[in-house]
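The values are calculated or read from the model by the stated rules, or taken from the named source; none is laboratory data. Here the structure is a predicted model, which means the values were calculated and not measured. Backbone-built Cβ (ideal geometry, glycine too); neighbour counts: all protein chains shown. To get the accessible areas, we keep the full protein, side chains included, count just its heavy atoms, and leave off ligands, DNA and RNA. Shrake-Rupley method; radii C 1.70, N 1.55, O 1.52, S 1.80 Å.
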Amino acid sequence: MADPHRSDGDSAISRVTEETIAGTGVVFELVLVEGGSFLMGSPDDEVGRDTDEGPRRRVSVDSFWMSTHEVTYDEYAVFRYENLDSNVSQADSTTFNADAVARPSPPYEDPAHGMGNQGFPAAGMTQWAALHYAKWLSDKTGHFYRLPTEAEWEYACRAGSGTPFSFGDDATALDDHAWHYGNSDEVFHLVGQKGPNAWGLYDMHGNVAEWTLDQYAADAFSLLPDSAHSPWVEPTRLHPRTVRGGAYDDDPDALRCAARLRSNLNWKRRDPQIPKSYWWNTDSPFVGFRLVRPVKPVSGEEQENFWRLVLGE
Amino acid sequence: MDKTENKKAVSRRDFVKGSAAVVGSLMASRFPLSANAYYSSDDAIRVGLIGCGGRGTGAALQALSSGQNVKLVAMADAFRDRLDESLSNLLNPENSDAPADGALDYRTRIDVPDEQKFVGFDAYRQVIPLVDVVLIATPPGFRPIHFEAAVEADKHVFMEKPVATDAPGVRRILAAAEKSRQKKLNVVVGLQRHYETVYREWVGRIHEGVIGDIVSGRVYWNGEGVWVRERQAGQTEMEYQMRNWYYFNWLCGDHIVEQHIHNLDVANWVKKGHPIRAQGQGGRQVRIGPDSGQIFDHHSVEYEYADGTFIQSQCRHMPVCMNRVSEAFQGTLGTAPAPGELLDQWGHSIFKHRGKDDLNPYQVEHDELFAAIASGEYKYADAENGAVATMTAIMGRMATYSGNIVNWDAALASNLNLMPERFAFDADPPVLPDEKGNYPVPVPGVTQAL
């Protein structure tokens, strides 16, 4: 891992760091999200609210690094195409073999629907494919990367705010912070074109919606115990799973910090085969993802158990 | 449904089994089966699947999910393992959004006993007599044989595109299409853009003249390519080619035919006709070697239509390149830059379809087909358009393989027959590898393409 290149004077620990994907020249940036507690969900009177966003619950999460930008095509491509990858790994503990990596099959059509590749968000993959990327990246870097839980995602999106959007409650200010239906020309845009939130995260609202690690349950919040720590609704079914943040083709309501989107099989509607592709959705170019890296060390065995659980392998 | 009425009704089984003349006359009257009557299995529309790959399995699932009283009762494939896989995928609830229990669970309407599973080149013959509707999703080379047999036996048909791989096959489809019309058999072809909201809305407006007369267009299927099935020890050459069918022209027609047909069909739809001439180039640059048979990995064709306008076509199977599967047209009063979008001549939007929650077009084609069959209506006659779209793509392949201008009439009259003389696993397929395992690849300027 590259050395931290920027430090926060108030903190002993640097707030921004970079990861270079070994042997590929691809670099991405991460910001430290200090653990803490927050009110998850939205209040009953929030405009545009759906009932599945409540009741609000106090939830705490541990510290984690989160990629400042949505995972880009460039990052995903070195996993997707073996000829762009290298047989190099930074991890001491793993033996990386580029030939043995499970990589995405060719998609039926362009999963990004022609909206762009270099510098644009990686889009249209299934949650399973996003997780496979995370596993590959973990093997490649020796750091444990995974999708954020819904709680981690919302905590990071809010960046300390309790308002519908991280910048406040005025949807008319959204144009400064997000790509949505009203300003996107119905395509996703290069990552990082709009202002970041208070913790330095870009495009949490809009551009592409983002996979989380959770099974979607409409009543997930009411089932949470008081002051839940690191909650995660472990998936047992393929759909629905929870997607957050809203996208370029959504109206502002869907971009709120608390808004929850559920995955469904219609996102593969134009995939003509049964079984449909495990890797690609033909019809969710509006979904991408970003990754987190827990600060607390996660043992090799815990990681193995995690991958077995989430990848079903 | 009213019980008295039910007793009077001719059972669909008898009704479809009747002679052609009788079928025709009965088809005119509405068959009184309502969607509520669904689950009485005696009245079920019996469906047979010929070709149990991923697409055939998809088609069967969509037929079963069509909202009509449909039962899957017979299946055919060249290979037993493909048939078994298909059935287990149909029974796997993860593959469908349908409720996993109760009356709407389509799995309760899958009833394919072992004696109604048929394997081999002739398996289709055994399925057809057992059913009312035939789903045909074998590799495209077999389509003319299977469609002819289904029409001969007075069955309604859903068949996948393309409908042939050579001109003799297209002519057989056209002849059978004419018969299916006389017999008033519903035929839907899996050119599903015709059943997709965004295309219906878009082409409808173009036909209304919103952007004037269409003076040019571009159509694309630029993608990464498809699966490769490795040669297994002990396979005969015929079995290997049947397993890895995408890469052999007698089975697949090359990807300009197998995939790009969708976009060429949209061009014909927009232009309300087929091209009269084609000229183009193509080759094999990235996907080379024995496991990719004989087909090209790229084609670029200019198609001339009867009114003197041109449609430019590109298709490519290469990873890590620009991907685009789309169509665009220019009119005298504006442009249609992508499906669902229309601009006036100053570039201002005049139509934009917001299709995020649109229905699955593969489901819609089955919903509409089975609704027509259930009500005794004759509504769908897609075979001729399917044949014309197929011929358009084959004409493009003839142009890229030969390197010469190809005229429609000459292309359609071509007697170049790609099919084997004998269908058996110990028979020689029409194209064979050399001693290094490589297959002969077409060479422009040399290859006789029609």
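Strictly over 27 Å apart at the Cα level, which of A:Lys276/B:Lys379; A:Lys140/A:Lys194; B:Lys272/B:Lys379; A:Lys268/B:Lys183; B:Lys161/B:Lys183 would you flag in this model?
Working: A:Lys276/B:Lys379 30 Å; A:Lys140/A:Lys194 30 Å; B:Lys272/B:Lys379 20 Å; A:Lys268/B:Lys183 36 Å; B:Lys161/B:Lys183 22 Å.
In this structure, A:Lys276/B:Lys379; A:Lys140/A:Lys194; A:Lys268/B:Lys183 exceed 27 Å between Cα atoms.
Per DSSP helix of 4 or more residues, -39500 (n - 2.57); summed, then divided by the residues of chain B. What does that give at 222 nm, rounded to the nearest 500?
On the way: 15 runs with 148 residues, N = 450.
Result for chain B, helices only: -9500 deg cm²/dmol.
Averaged over the residues of B:86-96, the number of partner chain Cβ atoms lying within 10 Å of the residue Cβ comes to 2.
Taking each residue in B:154-166, count the Cβ atoms of any other chain within 10 Å of its Cβ, then average. What number comes out?
Working: counts 0, 0, 0, 0, 0, 0, 1, 0, 0, 0, 0, 0, 0.
For this peptide, the per-residue mean of nearby foreign Cβ atoms is 0.
Averaged over the residues of B:55-65, the number of partner chain Cβ atoms lying within 10 Å of the residue Cβ comes to 2. Our summary gives chain B a relative contact order of 19 percent, counting only alpha carbon pairs under 8 angstrom and 6 or more residues apart.
Between A:Ala159, A:Ala254, A:Ala102, the GNM of chain A built on Cα springs shorter than 10 angstrom shows A:Ala102 fluctuating the most. Among the GluC sites (Glu not before Pro) in the stretch B:181-232, those placed in a DSSP loop whose Cβ has at most 16 other Cβ atoms within 10 Å are B:Glu230.
For chain B, a Gaussian network of Cα nodes joined below 10 Å ranks B:Ser96, B:Ser300, B:Ser180 by mean-square fluctuation, and the top entry is B:Ser96. Packing, as the average of other Cβ atoms within 10 Å across residues, places the peptides B:439-449, A:133-143 in the order A:133-143, B:439-449, highest first.
So for the protein assembly as shown, considering every pair of alpha-carbon atoms, how many percent are separated by more than 39 Å? Across the protein assembly as shown, Cα pairs with separations above 39 Å total 42 percent. Between B:Leu130 and B:Ile276, full extension at 0.36 nm per residue minus the direct alpha carbon distance yields a gain of 48.4 nm.
Between the stretch B:78-151 and the stretch A:173-241, how many Å separate their Cα centres? Result: 41 Å between the Cα centres. For the stretch B:297-357 versus the stretch B:187-258, the spacing of their alpha-carbon centroids is 16 Å. A 1.4 Å probe run over the protein chains yields, for the protein assembly as shown, 39 Å² of accessible area per residue, whole-number rounding.
The GluC sites (Glu not before Pro) of the stretch B:349-450 that DSSP puts in a loop, and whose beta carbon has at most 10 other beta carbons within 10 Å, are B:Glu421, B:Glu435.
Ballpark to the nearest 100 Å², how much total accessible area do A and B bury together, probe 1.4 Å? Please report the intermediate quantities before stating the final value.
Values: alone 13430 and 19050 Å², together 29810 Å².
The buried area between A and B, both sides summed, comes to about 2700 Å².
Using the Cβ-Cβ distance between B:Asn407 and B:Ala233 with R0 set to 56 Å, the FRET efficiency works out to roughly 0.75.
Note on chain A: GNM, Cα springs under 10 Å; of A:His69, A:His205, A:His229, the largest mean-square fluctuation is that of A:His229.
Ignoring ligands, DNA and RNA, what percent of the 1.4 Å accessible area of the protein assembly as shown is carbon and sulfur? Mind showing how you got there, number by number?
Details: 14770 of 29810 Å².
Carbon plus sulfur share of accessible area: 50 percent.
For the stretch A:55-100, GluC sites (Glu not before Pro) are listed when DSSP marks them as loop and at most 15 other Cβ atoms sit within 10 Å of their Cβ; the list is empty.
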